[in-house]
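Asks: Structure in structure tokens, see below.
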Amino acid sequence: QENADLDAVAVIGANTWPSEDAPDIAPLLHSVLSRGGIVGGICGGTLALARAGVFDGRRHTSNGAGWI
């Protein structure tokens, strides 16, 4: 499996995340989480986590409810 050696992923903020061209990194995030890894997002990177459903059922902080 690609990226099977990752223990953590940090999604860094960028102008890409709020755009329509933002990549879908949900498979990567869920793969890391399923192995007990850590996933985090900074600033706009939290949008990728929200879109992937990573926040569902988890406490989190982001830029605010209106942002995600």
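Asks: With springs only between Cα atoms under 10 Å apart, run a GNM on the chain and tell me which of GLY41, GLY13, GLY57 wobbles the most.
Replies: GLY57
Asks: Could you report the accessible area of LEU28 in Å², rounded to 10, computed with a 1.4 Å probe on the protein chains as they sit in the structure?
Replies: 50
Asks: Sequence-distant or interchain residues sharing an amide H contact under 5 Å with GLY37, placed H: which?
Replies: none
Asks: Taking the Cα centre as origin and putting +1 on Lys and Arg beta-carbons and -1 on Asp and Glu beta-carbons, what dipole magnitude results for the chain, to the nearest 20 debye?
Replies: So the magnitude is around 320 debye.
Asks: Report, by chain and number, residues whose modeled amide H sits under 5 Å from the one on VAL11, excluding near sequence neighbours (fewer than 5 apart, same chain).
Replies: Those qualifying (amide H under 5 Å, at least 5 residues apart or on another chain) are GLY40, GLY41, ILE42.
Asks: Ordered by residue, what ³J(HN,Hα) values in Hz, to whole numbers, does region 24-35 give under the Karplus form 6.51 cos²θ - 1.76 cosθ + 1.60, where θ = phi - 60° and Gly and Pro are x?
Replies: Result, rounded to whole Hz: 8, 9, 4, x, 5, 4, 5, 5, 5, 5, 5, 8.
Asks: At a probe radius of 1.4 Å, what is the per-residue accessible area of VAL11, in Å² to the nearest 10?
Replies: Around 10 Å² of this residue is reachable by solvent.
The values are calculated or read from the model by the stated rules, or taken from the named source; none is laboratory data. Since the model is a prediction, treat every value here as computed from it, not as a measurement. Every residue, glycine as well, gets a Cβ built from its backbone with ideal geometry; the counts of neighbours run over all protein chains shown. Accessible surface is based on the protein model in full, side chains and every heavy atom, while ligands, DNA and RNA are left aside. Shrake-Rupley method; radii C 1.70, N 1.55, O 1.52, S 1.80 Å.
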